[in-house]
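Shown next, in structure tokens, is the structure this report addresses.
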Amino acid sequence: MRAVAIASQKGGVGKTTLALNISLALARRGWRTLVVDADPQGAISLSLKKELEVAEGLTEYAQGHKTLDQLILQTRIPELAFLPVGGIKGHRPSQIEIAQPVLDDLVEQTAENFDVLMIDTPSGLSGRTLHTLRSVDYVLVPMQAEPLSLRTLQGVLEIIAEIGDQTGLELAGIVLTMVQSRDEISLETVQEIWSLLPSEMVLEGFVPRDPAFLRASAHGVPVSLLSRRRPPSVASVFDRIAAELEPRIGLTQEGDDDIVHLLD
Ligand SMILES: Nc1ncnc2c1ncn2[C@@H]1O[C@H](COP(=O)(O)OP(=O)(O)OP(=O)(O)O)[C@@H](O)[C@H]1O
Ligand SMILES: [Mg+2]
């Protein structure tokens with residue numbers, strides 16, 4: 001199993017959107033995927049389930065109240081499962097510390113049943129996020145396509161490298177998000193990032209800014225599930241990103257045993 005954290009210094013850059021939509025794309029590509037919501041605000045839990053208050057998850061696991069078997073929820077997509085953040089009673093999210101050994105255990109205990117563990121973290125690189133980064137194999141960093149983002153990137157890469165020296169954590173890549181294809185500054189920033197950073201660092205697939213994301217959050221679904229017949233065109237970028245991510249995190253489709261024959 002490959003454990004991947006989605007992390008960024010800045011808030012609101014598209015971590016949760018990325019975690020949810022890439023996970024769905026990976027699941028549809030046949031990987032048994034578990035999305036873990038480690039953000040106490042429970043944004044993924046919110047987007048998947050409206051009555052999030054009742055959902056228990058990572059918090060109860062950390063407190064030793066429940067086992068993973070009791071907490072992991074199967075979604076309607078067979079390969080996609082979900083561990084909510086839990087700890088939410090009424091409207092107050094629990095900010096309890098999720099200790100390093102809890103996250104290490106989570107990774108160890110899910111290794112057998114899943115191919116990919118995708119962990120959405122709260123913004124900033126301390127606390128839970130730092131613990132998560134110390135437990136996983138890879139980190140994926142979303143970066144908003146705006147000039148300010150480049151300034152914070154160096155610091156983020158240094159922290160990842162420092163952790164990597166101690167734990168082996170590797171950067172799976174940087175994904176540009178909220179790219180405004182009709183906005184010159186946004187496009188210039190994309191060009192600048194591509195020219196400044198080595199190509200192995202930045203994925204070619206990026207997420208355009210699109211009103212479909214707001215609609216998707218409002219309905220509590222990943223973008224590609226907004227409509228069965230006509231999913232918004234932006235949904236296809238996640239399939240591309242997932243395909244690019246696979247070799248970066250060491251997922252390879254073996255042979256052709258999963259060919260489905262039309263007739264027996
Ligand atoms: N490509 C996009 N185009 C338009 N809106 C987007 C896009 N990606 C995300 N959004 C919207 O921007 C907001 C922030 O996105 P998201 O929650 O994914 O960011 P985040 O990094 O997880 O934020 P936080 O740091 O608060 O956890 C959400 O309302 C989301 O619907
Ligand atoms: Mg988030």
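Things to note:
- Among the candidates I98, I119, residue that is in a loop (DSSP other than H, G, I, E, B), within 16 Å of ligand 2 (Cβ to nearest atom) and either among the aliphatic types (A, V, I, L, M) or within 28 Å of W31 (Cβ to Cβ) (or both): I98
- Filter result (within 16 Å of the chain's Cα centre (by Cα), surrounded by fewer than 23 Cβ atoms within 10 Å (Cβ to Cβ) and either in a loop (DSSP other than H, G, I, E, B) or among the β-branched types (V, I, T) (or both)) within the range 123-140: S123, G124, L125, D137
- None of V179, V234 is surrounded by 15 or more Cβ atoms within 10 Å (Cβ to Cβ), within 9 Å of ligand 1 (Cβ to nearest atom) and over 21 Å from A7 (Cβ atoms) except V234.
- Only one of the numbered conditions (1) of a type in the set (G, A, S); (2) buried (at least 18 other Cβ atoms within 10 Å of the Cβ); (3) in a loop (DSSP other than H, G, I, E, B) is violated by A216, and that is (3).
- Residue identified as farther than 23 Å from V207 by Cα and within 15 Å of ligand 1 (Cβ to nearest atom) among R128, R134: R128
- S135 vs. criteria among the hydroxyl-bearing types (S, T, Y), away from ligand 2 (no atom under 16 Å from the Cβ) and farther than 30 Å from V102 by Cα: no
- Residue within the range 150-172 that is out of contact with any helix residue (DSSP H, G or I) (no Cβ under 6 Å at 6 or more places or on another chain) and within 14 Å of ligand 1 (Cβ to nearest atom) present: yes
- S199 falls short of the stated requirement of being among the small types (G, A, S) and either part of a helix (DSSP H, G or I) or farther than 19 Å from A242 by Cβ (or both).
- Residue in the range 142-159 that is among the aliphatic types (A, V, I, L, M), more than 16 Å from ligand 2 (Cβ to nearest atom) and more than 27 Å from L125 (Cα to Cα) present: no
- Here V175, V207 are screened, and the one residue that is touching a Ser or Thr at 6+ places or on another chain (Cβ under 6 Å) and at pLDDT 85 or above is V207.
- A residue that is surrounded by fewer than 16 Cβ atoms within 10 Å (Cβ to Cβ), over 15 Å from G220 (Cα atoms) and either modelled with pLDDT under 90 or within 16 Å of ligand 2 (Cβ to nearest atom) (or both) cannot be found anywhere in the range 14-30.
The values are calculated or read from the model by the stated rules, or taken from the named source; none is laboratory data. Computed from a predicted model, the values in this text were never measured in an experiment. Note that we place each Cβ from the backbone using ideal geometry, even for glycine, and neighbour counts take in every protein chain shown.
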